[in-house]
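Asker: What follows is a structure written as structure tokens; I'll ask about it next.
What follows is calculated from the coordinates using simple rules that are stated; it is not laboratory data. Please read these numbers as outputs of a predicted model, since none were measured by experiment. All Cβ positions, glycine included, derive from the backbone under ideal geometry; neighbour counts span all protein chains shown.
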Amino acid sequence: MKETLFLLLGSGDRYRTDAQARNYRRTVYFMANRPEKTVETPFVGEAILKLHPRRFRKVFILGTVDAMWDTLFLHATPAPTDGDDELYCKLYEYIEQRDEEAVRNLLPQVQHRVEAFLEHPCSLHLIPVGRSHEELWQTFRALTELSIPEGLLSLDITHGLRYQPFFLLLAMFFLSITRPGIRLGSLFYGAHELRGYFADRAPIFDLSPLLELMQWSLAARTFAENQEISELLRLMKNQINPGLAQELRDYAYQLQFNLLSDVRHRSRRLSQRLAHLEQQAEALPLPFRMILPTLRYTPDQLANARSDWEAMLQIARSHLRHDRLGLAVLAAYEAVVSRLGEIYQVDPSSRVANKGGLRNQQRLVDALLHPSVKKQLLPDLHDLVACVRSLRQLRNRIAHARTGKNEPPLRPEELRDQLSAVLAVLEQHLGDPALKRLPQIRPL
């Protein structure tokens, strides 16, 4: 897959009166992993292209109004004509005056010459200096509006104002997330300052681990907030057992879809496998080692729950913490049903033939909410009964999109507050031993 290369053109030191002193120095560059091949040039981008002659299909060159467009033009014109000299003088003058419109109007001629010299299709663009937040966002807009071909996208961050390489990197990372056809390739840096270590030659480093670390960070956050693990597993590639990878994927789906019937059993099994994996941590990528405690947290917590309904309450609390309000309501309701099933010693998911196929789940909740129960239970549990009634209403409205004619739609902030109060009551009272009297008070 061929790539697109982005280059930043710096301004050198335009305050120097000696034209030679303010330009980039000619330097012998080489790729750090292939030191035998070298290219001598003042522009790292040229070295990257010549050291990878068939790798890139298009080159974008970005610079501010006072970047070295004139020097780049002169470098790409080994045998200048009188017309070239005239163009150079105009370009130099407009750059010194910081006349953006005039410089932009001359860039197509510079681009034509640079394309012929580099033997690659090129696209030259002015970007704002970035003197304010507004200009920074203008730069971001200019970058994201470029017609970038699908495929790999690599960056050279050697030149430019000190902040520009980081801004370009973040903008391109954003594009790689929002445009499915674009992926980040290499991150090049020409280390001119390290010539003293390499016999007056400068290595070009591929800093791809920085890109990988950004991807790991995004994958870790996605997992922590949404239990979405596919990106983590993609980054692990072949470094994790396929069986464990599938188990992690299935476990994440189980939590996402609130399939909670055997969650403790699966949590214990996964917790043990992750503990075993942690013992082999030295063989794993460093970012994954750092994420392992996060991966283990949920299965460890659920594995140590004393009952299924307690595990379900923990899941509901986690959903609420990450603003997955609908899933939190459903998990909390499942916790209530599971606790009542434990008390009545019935399977909540089964149906009762002589009751018209009615699920035990509904019969269990109906039993708790029956008026006779409220009269005979301890006063401390009246809040629990009211809480379950409120929870059932929320569950029905969410699961079945039920809203009465005079009933306003659920607002997220109200639902969040109401659900937080419901969970607090359930966590305090759902395990109360007094609930064991329910089968005597209200048999199914």
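Asker: Out of the GluC sites (Glu not before Pro) in segment 65-163, which ones are loop residues according to DSSP with at most 15 other C-beta atoms within 10 Å?
Answerer: For GluC sites (Glu not before Pro) across segment 65-163 that sit outside H, G, I, E and B with at most 15 neighbouring Cβ atoms in 10 Å, the list reads GLU119, GLU145, GLU150.
Asker: As I understand it, the dipole of the chain uses +1 on the Cβ of Lys and Arg and -1 on the Cβ of Asp and Glu, about the Cα centre. Which of GLY10, VAL329, VAL39 lies farthest toward its positive end?
Answerer: Positive-end residue among those listed: VAL329.
Asker: Okay, next question. Tally Lys and Arg at +1 and Asp and Glu at -1 over the other residues with C-beta under 15 Å from the C-beta of ALA311: what net charge comes out?
Answerer: Net charge in that neighbourhood comes out at 0.
Asker: Can you give the % of DSSP beta bridges in the chain that are antiparallel, to the nearest 5?
Answerer: Taking every DSSP beta bridge with both residues in the chain, the antiparallel ones total about 25 percent.
Asker: Further question: Among 164-170, 328-334, 58-64, what's the highest-first ranking by average C-beta atoms within 10 angstrom per residue?
Answerer: 328-334, 58-64, 164-170
Asker: I would also like to ask the following. As a test of the formula, what do you get for the chain when each DSSP H run with n ≥ 4 contributes -39,500 (n - 2.57) and the sum is divided by the residue count, at 222 nm and rounded to the nearest 500 deg cm²/dmol?
Answerer: Result for the chain, helices only: -17500 deg cm²/dmol.
Asker: Continuing with this model, one more query. On the principal axes of its Cα set, how long, how wide and how thick is segment 89-139? Give whole Å, largest value first.
Answerer: Cα spread of segment 89-139 along its principal axes, largest to smallest: 37, 24, 13 Å.
Asker: Shifting gears a bit: How big is the gap, in Å, between the Cα center of segment 34-75 and the Cα center of segment 163-222?
Answerer: That distance is 17 Å.
Asker: Less than 13 Å Cβ to Cβ from GLU225, Lys/Arg counted +1 and Asp/Glu -1: what total charge do the surrounding residues give?
Answerer: 0
Asker: If the label point is 7 Å along Cα→Cβ of ALA281, which residues in segment 292-306 have backbone nitrogen under 18 Å from it?
Answerer: 292-301
Asker: Can you spot the aspartates and glutamates whose alpha carbon is less than 12 Å from LYS90's alpha carbon? Ignore those fewer than 8 places along the same chain.
Answerer: Counting by Cα, and skipping residues close in sequence, LYS90 has these aspartates and glutamates nearby: ASP70, ASP99.
Asker: Helix 360-369 against the longest principal axis of the chain: what's the angle in degrees, Cα atoms only, rounded to the nearest 10?
Answerer: Between the helix axis and the principal axis of the chain, the angle is about 70 degrees.
Asker: Tilt of helix 286-303 relative to the longest C-alpha principal axis of the chain, in degrees (0 to 90, nearest 10)?
Answerer: 10 degrees
Asker: If you don't mind, there's one more thing I want to ask. For segment 3-206, just run the numbers: alpha carbon Rg, then divide by 2.2 N^0.38 Å, N being how many residues it has.
Answerer: Against the empirical 2.2 N^0.38 Å value, I get 1.00 for segment 3-206.
Asker: Next up: Using only the Cα atoms of segment 218-304, what do you get for the radius of gyration and for Dmax, in Å?
Answerer: In order Rg, Dmax, the Cα atoms of segment 218-304 give 12.0, 35 Å.
Asker: Need one number: nm distance between label points at ASP366 and SER307, each 7 Å from Cα along Cα→Cβ, rounded to one decimal.
Answerer: For the pair ASP366/SER307, the computed spacing is 2.3 nm.
Asker: While we're here: Looking at segment 162-202, which trypsin sites (Lys or Arg not before Pro) are DSSP coil and have at most 10 other C-beta atoms within 10 Å of their C-beta?
Answerer: Sparse-neighbourhood loop trypsin sites (Lys or Arg not before Pro): ARG162.
Asker: Among LYS374/LYS436; LYS37/LYS58; LYS2/LYS50, which pairs are too far apart, with a Cα-Cα distance over 18 Å?
Answerer: Where the Cα-Cα span goes over 18 Å, the pairs concerned are LYS37/LYS58.
Asker: Let me ask something else. Of the labelled options (1) -0.68; (2) -0.75; (3) -0.54, which one gives log10 I(q)/I(0) by the Debye sum over Cα atoms at q = 0.09 Å⁻¹ as computed for this structure?
Answerer: (2)
Asker: Please list, by residue number, every one of the trypsin sites (Lys or Arg not before Pro) in segment 280-360 that is coil in DSSP and has at most 16 other beta-carbon atoms within 10 Å.
Answerer: Sites meeting the loop and neighbour criteria: ARG306.
Asker: Still on this structure: Taking Cα atoms, how many degrees apart are the long axis of helix 325-344 and the longest axis of the chain, rounded to 10 and kept between 0 and 90?
Answerer: Rounded to the nearest ten degrees, it is 30.
Asker: Okay, moving on. Straight-line reach from LYS237: which aspartates and glutamates have Cα under 18 Å away, leaving out those fewer than 8 places along the same chain?
Answerer: Straight-line reach from LYS237, under 18 Å: GLU212, GLU228, GLU247, ASP250, GLU278, GLU282.
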